[in-house]
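The values are calculated or read from the model by the stated rules, or taken from the named source; none is laboratory data. This is a predicted model, so every value here is computed, not measured. Cβ sites come from the backbone with ideal geometry, for glycine too, and all protein chains shown count toward neighbours. We work out accessible area using only protein heavy atoms, side chains counted, and drop any ligands, DNA or RNA first. Shrake-Rupley method; radii C 1.70, N 1.55, O 1.52, S 1.80 Å.
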Amino acid sequence: MFLIKKSEVLKLAEELSKTYAVYGPVVEKESNQTFFVRPDSIGDIDLDAPIPSQPPKHTVFPQIERIFHYSYDKGAKRAEIIADFKPEPKALFGLRSCDLNGVQCLDRFFIGQEFTDDVYLEHRKKTFIVTNTCVKPFKQCFCVCTDSGPSAREGYDLNMTDLGDEYLVEAGSDRGKALAEKMGLKKAGSGHLEAKKAVVDGSISRFESIATDNKAWISRVMNRITTGFIKGEIWEYIGNQCFECGACTFVCPSCSCFNIEDVNRKDSSTDRLRSWDSCSFEGYTRMAGDHNPRKPVEDRRNKRFFCKLSYSQSKKYLRPGCVGCGRCQWVCPGDIGLPNVVTYIRREITSR
Amino acid sequence: MNYKAGVCNFCGTGCGHILNVEGGAVNGVFALQGHPVSKGRLCVRGWHMHELLRDSQRIDSPMIKKNGRFEKAGYDEAISLVAKKLGEYKNPSSEIAFLASPRSSNEDGYLLMKLARSVFKTNNISLDSESGHRNSLNVLHRGTGMAGMLGSLEDIKKAEYILVIGTDLTRQNPIIGSEIHMAARAGSKVVTVGSKLTQIAKLSDVHLQLKPGSKKVFLAAVAKSLIEENLHDAEFIQKHTEGFDGFANSLGSLSHNDISSITGLGLEDIKTVARDLATAKTAMVFFTSGISGLDEDTVSYIYNLFVIAGKIGKEGCGVNPVTGICNLQGGYDMGLAPDLLTGFRPISDKSAAKSFSDAWGAGFPDEPGRGVYEMLADKSSGLKALVVVDHDESIVRQAEAIKKLDFVVYVGSFENPFAEYADVVIPSAAYVEYDGTYTSTDRRVQLSRKKTEPAEGVMPAWRIFTGIAEKASARWSYSSPADVMAEIAKLTPSYSGISYDRFSGVGGIQWPCDGRRPEGTRYFRVDDAASKIKLAGVTGSFKTMRPSGEYPWLLMVGKANHFWHQNNLMKRTFIPKREYNATLLLYPKGYVEISGDDAKKLQVRDRWPVNIVSQYGSMKVAVRVSDEVRSETAFVPYFIQDMITEFLLAHNELIIEQGEDAIIPIRIEKV
Ligand code: SF4
Ligand code: SF4
Ligand code: SF4
């Protein structure tokens, strides 16, 4: 445990930038919207900025990415595949706790099961993670209900908590510790840990009543979803409101659906691209010839909520798939973000 | 910062987006939270803009056809050739025509218009197949003087009552559909009127599923009921409008029996609409207005209904046509029509025409020209040369007529089957490669800034048009699109307060923007009208297609769920392409939608083939059993080219005449 003066906290990022491409929360000026990006200069990183509008998952799982390219030499009858992806080492600086949990879900999906995704692994094994405790929640947040915040518990190299004039810096890995020591950070004492606890408790108490209220409800809804005790009409009601835009998936820090596309280039080689996809799309879930004209949208919708809020899925992620960031709520044209869906199901439960 | 704010350039909603620009390429797109209309939402198309912008099938060099084969050429050579060839025609008013694109920026559109008129002396300039919106603008302009949406997309939530007529906005302009859905959730009453149970219909409070082809009768019936029950806004009508008596009288011929037999609705349903519309403090009506928009008469009834209900001219109210393509509204604003100057002023307006020829230092013919499609269809039009800008593929249908022309020029960004018909092809930069403004359906002029460099040497369209003009010895001296906007503002009263330095932040400026209204105008205000609001003239004719013994079904022809503009742009994306083709995979040769009951009666199942027979022809297609259509009505989407084109061509007249609501009486036979 270390301490760093608030005015000097970006020095950590400076130091990291010697070895890593540093990403952090930056407010775009024209739109006043926060993005988790490589800043033009480290000074643009704003640790007090609202939760980034787009989750940081693009740093390890880009919106679109070439995973290899190939060409075919007709004369020699030879095909050549070149998998030349070499993501640069990245430091994610000022990651929010929910988003770290999102990255951990992606880890379990891409590299934590029987199959290992080389491209993802390549991105991931080079990431240095510095989390930033939320001293107050933002309007849409409900991480307290999904056990993913407001302060990170594991999976970081360094975790920072704003204690007023200084940040408490906790090391979660050897390299995190090494960095703090290299920078000669002052050691923190148990009093600082107490202070952090007070900050976190203060933050939790400031979650809107709906979030703390929902805490019990999310686990009850998880129970319902897992056991399939939700009426078809409820899914139909929800499904009818889905515009099939895919936004909920794109903004979700733990969603991992992807599409593979081969694109021919003018030099007659072919790029194999991977890009974000969504379970809300008909084409994503369709199986050849297996066509159900009756309830396709509902089925796709309930799949998403099953993925985010069922025990069977939680077993894969070792946590609920939803990390409580609330982003799907504000991007959804149908107004069926996850918190709303929980409310619908809750209403159904209480009306019985 | 690699994220740069901009405007989605697919449909007329004009949503804000933010593009991820890395290493000179667009590698991602994200929603813009602060945009006043889209507020952080995008639809499936908008979320995949980067897939289109990364497309490598771009035209990278000018080409000139020599002995039937294209050879690469420099810009200078290509531009000189165009200037020289077009300059040689002796009767430009019949020999030269320009087909403009509703996707071009205002600046590009304006310069093309200026090129056609002032340099090549022809008024034959029209927008690609978008007559539907013209119908709407004609009605609104004659009635109020404002040739655009009377309300604003920002104000949808302020409407207590929302009427949606026809097509499924959740698919065609999804973010407008979303705003309507959100308004409904916040307490507005949403009523949809159409012959299909679409998604927006499912989301509404009430869906009136009327018989195909009877919208006009329905609207007239509501107006009639409003007047009969004395619910019309007499004070508003008296104070602000003229033409009420004529309109009221024209409704007399409509009997209550006709109303229910033609629409299939009960009189109570119609009365409820009239009462709700009258008692709501604010109300808006939405209808699509594009390739297959409503006919002028139907739009007139919509407009008149809202005028007599006193639901225009105030906040939260309005008659709101919705454009399908990003700059369709801007295209008309820029005078891309044979008879229009900018700001929807007719060419016959002598003083307006004079201000243009004075400013341009060059005159142009005072007779209106003709539309390109009309000229191509008319074998005796005398057309010899055609300039086409970045179009959809519909023009390929005119291939035969185009092949006979003497000189064809194509200016566009992407490789395209049409380019084959051209003698000269000139590549233009894509929209993110230079500055330009686009006017979305609620008259919102938005600046889209340059974000990436075009491929080496590729020019933006405004430079190409300037180059052609200069080769033809006109003196144009624009150094940027901002200069072009300055000229537009000078010549166009409704744009007079707009200039590039006015665009900061996101959201743009809604015209009219002038000295009196420097911040722009969100909605049409009754006190702003130069004269009294006029009710639209109507035909009073309520003829509709009816089924007969031999042809007992009514076939509707329209857009399929995921159809969007011939898939011309969508097919360059990955995900939307897949989604838009999803139905095609199941029904590769197209389909006809019929109800479950009808399928039972015919003893057919989903994907079984049937014959569709009309008075004019027949075709074989697969059945798609659907809960969206009622018994004895059927639906074919017109996008699946091979399948229905021939069948529909046999009915072309019928379809053109009827617009969106093209109805064909048919019978269906099991194969
Ligand atoms: S489901 Fe919604 S609230 Fe939960 S993590 Fe994903 S985007 Fe955030
Ligand atoms: S964001 Fe909403 S409308 Fe879009 S796919 Fe997700 S649930 Fe459907
Ligand atoms: S509604 Fe139109 S403007 Fe908005 S994201 Fe979709 S295509 Fe783009």
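The strands (runs of 3 or more DSSP E) located wholly in the range A:114-230 that include 2 or more residues which are within 21 Å of the chain's Cα centre (by Cα) and over 30 Å from residue A:342 (Cα atoms) occupy A:127-132, A:158-162.
If you go through the range A:270-302, how many residues are more than 30 Å from the chain's Cα centre (by Cα) and modelled with pLDDT under 85?
Final tally of qualifying residues: 7.
Surrounded by fewer than 21 Cβ atoms within 10 Å (Cβ to Cβ) and touching a residue at least 60 places away in the same chain (Cβ under 8 Å), is that true of residue B:445? The answer is no for residue B:445. Of the helices (runs of 4 or more DSSP H) contained entirely in the range B:51-115, those carrying at least 2 residues that are away from chain A (no Cβ under 14 Å) and among the hydrophobic types (A, V, I, L, M, F, W, C) fall at B:75-87, B:106-114. Of the residues that make up the range B:31-47, is at least one more than 16 Å from ligand 2 (Cβ to nearest atom), surrounded by fewer than 24 Cβ atoms within 10 Å (Cβ to Cβ) and within 20 Å of residue A:273 (Cβ to Cβ)? Among the residues of the range B:31-47, not one is more than 16 Å from ligand 2 (Cβ to nearest atom), surrounded by fewer than 24 Cβ atoms within 10 Å (Cβ to Cβ) and within 20 Å of residue A:273 (Cβ to Cβ), which makes the answer no.
In the set B:482, B:474, B:489, only one residue is of a type outside the set (S, T, N, Q), out of contact with any Cys (no Cβ under 6 Å at 6 or more places or on another chain) and touching a residue at least 60 places away in the same chain (Cβ under 8 Å); that residue is B:474. Residues in the range A:238-255 that are open to solvent by 10 Å² or more (accessible area, probe 1.4 Å) and more than 10 Å from every other protein chain (Cβ to nearest Cβ): A:248, A:252, A:255.
Per the listing A:207, A:142, A:138, the residue uniquely within 14 Å of chain B (Cβ to nearest Cβ) and away from ligand 3 (no atom under 16 Å from the Cβ) is A:138. Checking every residue in the range B:13-25 against the condition of being more than 13 Å from ligand 3 (Cβ to nearest atom), open to solvent by 10 Å² or more (accessible area, probe 1.4 Å) and without any contact (Cβ under 8 Å) to a residue 24 or more places away in the chain gives at least one match. Let me confirm something: among B:523, B:495, B:438, B:500, which residue is open to solvent by less than 60 Å² (accessible area, probe 1.4 Å), on the phi < 0 side of the Ramachandran plot, out of contact with any Gly (no Cβ under 9 Å at 6 or more places or on another chain) and touching a residue at least 60 places away in the same chain (Cβ under 8 Å)? The conditions single out B:500.
Among the residues of the range B:186-203, those identified as open to solvent by 20 Å² or more (accessible area, probe 1.4 Å), within 14 Å of chain A (Cβ to nearest Cβ) and over 21 Å from residue B:557 (Cβ atoms) are B:186, B:187, B:202, B:203.
A single member of A:66, A:108 is part of a helix (DSSP H, G or I), open to solvent by 20 Å² or more (accessible area, probe 1.4 Å) and among the charged types (D, E, K, R), and it is A:108.
Criterion applied to A:173, A:203 was being of a type in the set (Ser, Thr, Tyr) and buried (at least 19 other Cβ atoms within 10 Å of the Cβ), and the one residue passing it is A:203. Of the residues that make up the range A:19-40, is at least one open to solvent by 10 Å² or more (accessible area, probe 1.4 Å), within 13 Å of another protein chain (Cβ to nearest Cβ) and among the aromatic types (Phe, Trp, Tyr)? Looking for residues that are open to solvent by 10 Å² or more (accessible area, probe 1.4 Å), within 13 Å of another protein chain (Cβ to nearest Cβ) and among the aromatic types (Phe, Trp, Tyr), one finds at least one in the range A:19-40, hence yes. The single residue among B:173, B:124 that is open to solvent by less than 10 Å² (accessible area, probe 1.4 Å) and away from chain A (no Cβ under 14 Å) turns out to be B:124.
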